1. Using alpha carbons only, how many angstrom separate the centre of the range 151-220 from the centre of the range 27-66?
2. Simple spin-label model, 7 Å along Cα-to-Cβ: Q199 to R51 in nm?
3. Along the charge dipole of the range 7-253, pointing to its positive end and built from +1/-1 on Cβ of Lys, Arg, Asp and Glu, which listed residue (L217, T107, Q59) has its Cα farthest out?
4. Run the helix sum for the chain: -39,500 (n - 2.57) per DSSP H stretch of 4+ residues, divided by residue count, reported at 222 nm to the nearest 500 deg cm²/dmol.
5. Sorted from fewest to most neighbouring beta carbons within 10 Å, what does the list L148, L127 look like?
6. Mind grabbing the base-10 log of I(q)/I(0) for the range 88-179 at q = 0.13, 0.16, 0.24 Å⁻¹? Debye formula, identical points on the C-alpha positions, no solvent, two decimal places.
7. Treating only the Cβ atoms of Lys and Arg (+1) and Asp and Glu (-1) as charged, compute the dipole magnitude of the chain about its Cα centre; round to the nearest 20 debye.
8. Compute the orientation-averaged projected area for the range 122-236 from the convex hull of its Cα atoms and round it to one decimal in nm².
Amino acid sequence: MPASLPIAVQLYTLRNLAMPIDQLLGEVAAIGYTGVETTGTHGLTADEMRRVLDQHGLQIVSQHAGLPTLENDLAGVIAFNQAIGNTTLVVPWIPEAARSPNAAGWTELGRKLNELGQRCRDAGVRLLYHNHAFEMVSVDGQLAIDWLLAGAEPENLGFEIDLAWVQRGGQDGVALLNKYAGRCPRIHCKDVAPEGQAQDEMGFADVGHGVLDWATLLPAAKAAGGEWYIVEHDLPKDPLTSIRRSFAFLSGAL
């Protein structure tokens with residue numbers, strides 16, 4: 001059963017490869033990917049980014065942009081992304097100092113993201129939040145991610161759910177997808193290695209080569225409004241082999 005959604009790759013996965021962006025994107029396209037998710041600008045101008053993406057027939061499906069960057073230069077981030085044809089921004093990480101021990105703090109963070117998301121929406125761009133494991137902890141009777149998302153209007157803040165980090169946080173990916181159906185346009189796909197394995201790769205595995213139940217997760221992701229599967233691996237030993245194996249699985253191995 002091949003994947004029913006198009007497949008992109010998060011370029012963070014390939015950050016340790018010593019090759020120019022033009023060559024890197026050529027490798028990505030040769031594997032069969034049709035989209036990429038970027039981390040910031042990769043040191044390129046908007047014109048340079050657009051040219052190299054067009055050269056390899058790749059679409060930018062979203063960009064990870066840190067919260068400080070969005071707070072300090074939202075107009076600049078939006079302008080860059082509009083120039084390269086991207087309409088989805090993602091907050092990828094909250095530093096430890098910003099992680100509240102209580103529901104009020106997580107809700108307030110949601111409100112802050114709601115305001116940024118409203119400004120994005122006014123410019124024709126949508127804002128999403130990407131989870132790790134720390135949002136999967138229970139805080140005052142709900143998961144931290146629940147408080148955060150409750151602090152924002154769904155039209156102003158969506159959810160880029162990372163299914164491996166959900167698993168690492170001890171939660172059920174299908175249940176979260178069902179709960180936030182309609183709010184999950186981007187699905188981060190990586191896998192979790194069996195316990196005790198792949199310690200030099202942060203315990204992660206290529207998609208389809210770990211313990212996650214993709215036969216259940218992928219249909220749930222589509223039903224939740226998923227538009228793109230985005231392959232990611234935080235620390236692969238061989239990044240190109242990793243994204244090739246993940247693509248092969250998602251595109252036809254089920």
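What follows is calculated from the coordinates using simple rules that are stated; it is not laboratory data. Just so it is clear, the structure is predicted and the values come from calculations on it, not from any experiment. All Cβ positions, even for glycine, are placed from backbone atoms using ideal geometry, and neighbour counts span all protein chains on display.
1. 23
2. The modelled label-to-label distance comes out at 4.8 nm.
3. Checked the options; the winner is Q59.
4. My calculation for the chain gives -12000 deg cm²/dmol from helical runs alone.
5. L127, L148
6. Taking Cα atoms of the range 88-179 as identical point scatterers yields -0.39, -0.60, -1.28.
7. Dipole of the chain, to the nearest 20 debye: 360 debye.
8. About 7.5 nm², averaged over all directions.
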